[in-house]
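Note sheet for the following structure.
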Amino acid sequence: MTWAIAVALVCALSGAVSATTIRYDVAALGGQNWRYDISVENDTLATPIDEFTLYFPSAAIPSLSTSGQPASFDPLVFPPNPVFFPNWAVDYLASSGGIPTGATLEHFLVDVQFTAPGAPGGFAFDIVDPDTFAILESGDAVAIGGGGVPEPATLALVCLALLGVSGSRDREGLLRRSSTRFRRSA
């Protein structure tokens, strides 16, 4: 029983792990041309977001360019390169201020030519420290109105598994104790 209490306390005291939220909407521009309208919400970092990189799969995107962004950010597009970047990479660096904690910055516009059937989909991202180039967070962008199901945090799953194991051990101990009492009273 003490295992179950310890696991429950660890789970309760540890916060949920999540990445910065990046959302996107994609609109057809005509033919095979599409525009991503991207918003970045700093909902997890205690410091402003000064740099982030978006990774678009290159398989069905022969061309990509930026067509607009907030004035405080400068984009740099890296085309696919089998040695360095197997996918398109768009890096945004803040020239001043960044995205403060709790704030959202909208209208990072990325135009793509998409040759596969249907509309282009999601992409991955990294939040980067511009001084050390360390990756602070990584994740996958969420489609606006896509109703994506959030994935449970790894720590929460580990806590749930430990709670289940400790609960099954307690139950086995209880069964052994009750069968021992039953044999003694017979």
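What follows is calculated from the coordinates using simple rules that are stated; it is not laboratory data. What you are looking at is a predicted structure, and each value in this text was computed from that prediction instead of being measured. Here Cβ is always computed from backbone atoms with ideal geometry, including for glycine, and neighbour counts include all displayed protein chains.
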The convex hull of the Cα atoms of segment 21-143, divided by residue count, gives a volume in Å³ per residue of 96 Å³
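For segment 28-129, which chymotrypsin sites (Phe, Trp or Tyr not before Pro) are in a loop by DSSP, counting at most 14 other Cβ atoms within 10 Å? Provide the component values of the computation, followed by the final result.
Numbers: sites: Trp34, Tyr36, Phe52, Tyr55, Phe73, Phe84, Trp88, Tyr92, Phe108, Phe114, Phe123, Phe125; in loops: Phe84, Phe114, Phe123.
Passing both the DSSP loop test and the Cβ count: Phe84.
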Suppose R0 equals 22 Å. What FRET efficiency, 1/(1 + (r/R0)^6) with r the Cβ-Cβ distance, do Leu93 and Ala134 give to the nearest 0.05?
0.90
Arrange Ser39, Ser96 by Cβ neighbour counts within 10 Å, fewest through most, would you?
Ser96, Ser39
From Cα pairs below 8 angstrom and at least 6 apart in sequence, can you work out the relative contact order of segment 21-143, rounded to a whole percent?
36 percent
